[in-house]
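Written out below as C-alpha cells is the structure these notes cover.
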Amino acid sequence: MDKDELIIKLKEFKQQVIKKYGVKKIILFGSYSKDSANEQSDVDLIIVGDFEGKGNLHRAPIFYKEWHLVQNIDLPVDIICYTSEEFDKLKNQITIVKEAIEEGMEI
C-alpha cells in the first residue's frame with residue numbers, strides 16, 4: 001500500500017474513533033511519513049485523546065481492535081497513546097513525540 005492509499009484509510013480510521021473514544025489528534029510518523037516504507041514496514045501512529053483514568057497499557061488495545069475493522073488495511077500497526085497534557089509536556093523534549101511532530105503528519 002502506498003502512502004496516499006494509507007492516508008485515505010487512516011482518515012476512515014480516524015472517523016471511526018474520533019467520537020467513539022474522544023480522539024483529538026492522530027499523527028502518522030516513521031517510515032510511511034518519510035516515504036521510506038517497504039514491505040517490512042509497520043504503520044506508526046500517535047493518538048492523542050481523552051485517556052484520563054486509563055493507564056498506558058489500557059489505551060492502545062482499543063485502537064488495535066478498531067484498526068482491524070478498517071477494510072483493506074493489511075499492515076501491522078504500532079500505536080502510542082497520550083492524553084493532551086502528556087502530549088504537550090513531551091512535544092518540546094527529545095522524545096518520539098517531538099520527532100513525530102517534526103517528521104510526521106497529522107491525519
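The values are calculated or read from the model by the stated rules, or taken from the named source; none is laboratory data. None of these values were measured; they are calculated from a predicted model. Every residue, glycine among them, receives a Cβ derived from its backbone with ideal geometry; neighbour counts consider all protein chains shown.
Values as computed for the structure displayed
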| read-out | value |
| --- | --- |
| Residue pairs meeting the criteria (Cβ under 8 Å; at least 6 apart or on separate chains; first surrounded by 12 or more Cβ atoms within 10 Å (Cβ to Cβ), in segment 1-23; second among the basic types (Lys, Arg)) | 1/9; 23/14 |
| Residue check for residue 70: of a type in the set (A, V, I, L, M), surrounded by 14 or more Cβ atoms within 10 Å (Cβ to Cβ) and modelled with pLDDT under 90 | yes |
| Any hit, segment 52-60, residues being over 17 Å from residue 9 (Cα atoms), out of contact with any Cys (no Cβ under 6 Å at 6 or more places or on another chain), touching a residue at least 12 places away in the same chain (Cβ under 8 Å) and outside any strand (DSSP E or B) | yes |
| So residue 70, is it touching a residue at least 12 places away in the same chain (Cβ under 8 Å) and not in a strand (DSSP E or B) | yes |
| Residue selected from segment 13-35 under the condition under 17 Å from residue 85 (Cβ atoms) and of a type in the set (Lys, Arg), by the criterion farthest from the chain's Cα centre (by Cα) | 24 |
